[in-house]
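What follows is a single structure, written as structure tokens, with notes after it.
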Amino acid sequence: MTELLVGTKKGLFALQGDAGSGFEIVARAFAGEPVEFAIRDPRSGRYLAAVTSAFYGPKVFVTDDPAGEWEQAQGLELPEGGEQALKRLWSIVPGEEDGLLYAGGDPGVLFETRDGGTTWELNVPFWEQPTRPEWNPGAGGMCLHSIATWPGDPSRLALGISAVGVWLSDDAGETWRHGNEGLVPRYVPEESREDTLTLCVHNMHRHPTRPERLFMQFHGGVYRSDDAGETWVDIGTDTGLPSDFGFPLVIDPQDPDSAYVIPLTADLDRVTPDGRVRVYETRDAGASWTARGDGLPAEDAYLTILRQAFGREGAGETMGLYFGATSGDVFGSGDAGATWFTAATKLPPVHSVRVA
Amino acid sequence: MPVVRLRAPLSELAGGRRELELEGGTVRDVLRTLEDEHPAIAGWILDERSTIREHINVFVNGERGREDTSLAADDRIHVLPSISGG
């Protein structure tokens, strides 16, 4: 039995089912509230949800039972008396020490917890980056959405921010530096590209068995890094993708040459190309991509899949893949994308999908 | 003292009370007193800048109030979500 956590514009839905069949809604929490992201920490079994009330601001809530009571986490706020307030929380990621998790948010901020999610602290060195006044948000705000930990080494972190590029730390977040060489922001004039900080990373994942390798979906561009995010090579041009624009990205943890993306037509037309929904898979580190659409809508389907709305479970040939669209549809595969089924329909617009 | 009226979910965060007498000479002061007495409500009405959140309306005796609106002892303050949304 697989449990999916689906964050939507109108609440969190917990779905249960088996690959190949429809899933059943077993719990709904935060009715009416936008849930940006939700995970279950596999170490503790605890559920964590990032909720951004239009009225009462962004919060994280935790529980051991998604159908039960949720407790508000503390400390997810910017320094009092400053000029900015926390706008939204985009991601929650388990760290490499017991009880350690990270949360990323808007305006480009990182939080840490060491008690499994009850109390959080702002990462001050990142908040006080001297170039911060020059940072620019993407269309979704200045969202820190990707937090790539290094298996077994809590000192090494990589962050992806829209639109402030990649940031790397080798000392558990005490100091930070850029990791942007090779990224080409086609949305700024050529003469400005070398110096711009406005680098719109859409999603980034590190491979757990070869952690110096990361894959990235950029705002126009798909990239791979083989040196821990220092430099990036283009794997989205002339490699078989119908478009190199999109948001989410998933990897197969058994295969460091693997990645999955869901291309959208273009930045000015953010829907699945040609009315067909297809996931694209590479097994050669981005040298080529193959469409995986068996069972997905093949005509008149103009869907938008957001950056956190693609999750996985397991690995290898039986890896589960699940993604949701702003149409409220959720699709799944129990065979690493070879075939697909519809897991749910008619949900509110889907913000995030993760396997519990 | 000024009287603050709350609706759910704010009233639930204030110990289930829909009406509270709170000290303060301005709307911000009264909301800070509310947070001091009921810490669970901190961050729900005022943000880190001590600013009333964008989609919350505060009325003082039926008129729109802001953070620095002065209050008299018999003033009544309503805290309501705005009619925005989607």
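The values are calculated or read from the model by the stated rules, or taken from the named source; none is laboratory data. Computed from a predicted structure; not experimentally measured. Quick reminder, even Gly has a Cβ in these numbers, built from the backbone with ideal geometry, and neighbours come from all protein chains shown. Quick note on the areas: whole protein, heavy atoms, side chains included, nothing else; ligands and nucleic acids left out. Shrake-Rupley method; radii C 1.70, N 1.55, O 1.52, S 1.80 Å.
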For a bin width of 20 Å, list the pair-distance distribution of chain A built from all Cα-Cα distances, rounded to whole %.
32, 62, 6
Can you tell me the relative contact order of the stretch A:220-306? Whole percent, Cα pairs under 8 Å, sequence separation 6 or more.
25 percent
Measure off, as a whole percent, the carbon and sulfur share of the 1.4 Å-probe accessible area of the stretch A:258-356, all protein chains present.
47 percent
Residue-normalised value, i.e. accessible area per residue, for the stretch A:209-356 at 1.4 Å probe, in Å², stands at 35 Å²
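So what's the net charge close to residue A:82: Lys and Arg +1, Asp and Glu -1, counting the other residues with Cβ under 14 Å from its Cβ?
Once all neighbours under 14 Å are counted, the net charge is -3.
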Given a 1.4 Å probe and the protein chains all in place, what does the accessible area of residue B:1 round to, in Å² to the nearest 10?
100 Å²
Leaving out ligands, DNA and RNA, and with a 1.4 Å probe, what % of the accessible surface on the stretch A:1-72 is carbon or sulfur?
47 percent
In peptide B:4-12, what is the residue-averaged number of other protein chain Cβ atoms found within 10 Å of each Cβ?
1
At a threshold of 8 angstrom on Cα-Cα distance, excluding pairs fewer than six apart, so keeping six or more, what relative contact order does the stretch A:82-200 reach in percent?
19 percent
Accessible-area value, residue A:87, 1.4 Å probe, nucleic acids and ligands omitted, Å²
130 Å²
Name the residues of the stretch A:55-69 whose accessible area falls by at least 20 Å² when all protein chains are present instead of the chain alone, probe 1.4 Å?
A:55, A:56, A:59
In whole Hz and in residue order, list the ³J(HN,Hα) couplings for the stretch A:171-183 that follow from phi through the Karplus curve 6.51 cos²θ - 1.76 cosθ + 1.60, θ = phi - 60°; x for Gly and Pro.
9, 6, x, 6, 9, 9, 9, 6, x, 10, 5, x, 6
Proximal charge balance of residue B:18 [Cβ under 14 Å; K/R count +1, D/E count -1]
+1
Out of the stretch B:21-86, which trypsin sites (Lys or Arg not before Pro) are coil in DSSP terms and have no more than 12 other C-beta atoms within 10 Å?
B:66
Taking a straight Cα-to-Cα line shorter than 16 Å from residue A:59, and setting aside same-chain lysines fewer than 8 residues away, one finds A:9, A:10, A:87
Quote the accessible area belonging to residue A:267 in square angstrom, nearest 10, computed with a 1.4 Å probe and with ligands, DNA and RNA left uncounted.
60 Å²
Determine the calculated [θ] at 222 nm for chain A from helices alone, applying -39500 (n - 2.57) to every DSSP H run no shorter than 4 residues and normalising by the residue count; nearest 500 deg cm²/dmol.
0 deg cm²/dmol
Evaluate the relative contact order of the stretch A:1-150 (contact order divided by residue number), counting alpha-carbon pairs under 8 angstrom at least 6 apart; express in whole percent.
15 percent
Given a 1.4 Å probe, how much area per residue of chain B is accessible, in Å²?
51 Å²
Just to be sure I understand: if you take the accessible area of chain B alone plus chain A alone and subtract the pair, with a 1.4 Å probe, what total do you get in Å², rounded to 100?
1400 Å²
Roughly how large, in nm² to one decimal, is the mean projection of the convex hull of the alpha-carbon atoms in the stretch A:54-116?
5.2 nm²
Can you list residues whose amide H is under 5 Å from residue A:88's amide H, if they're 5+ apart or on another chain and H is modeled 1.01 Å from N?
A:106
Would you tally the net charge around residue B:52, using a Cβ to Cβ cut-off of less than 11 Å, leaving residue B:52 out, and scoring K and R as +1, D and E as -1?
+1
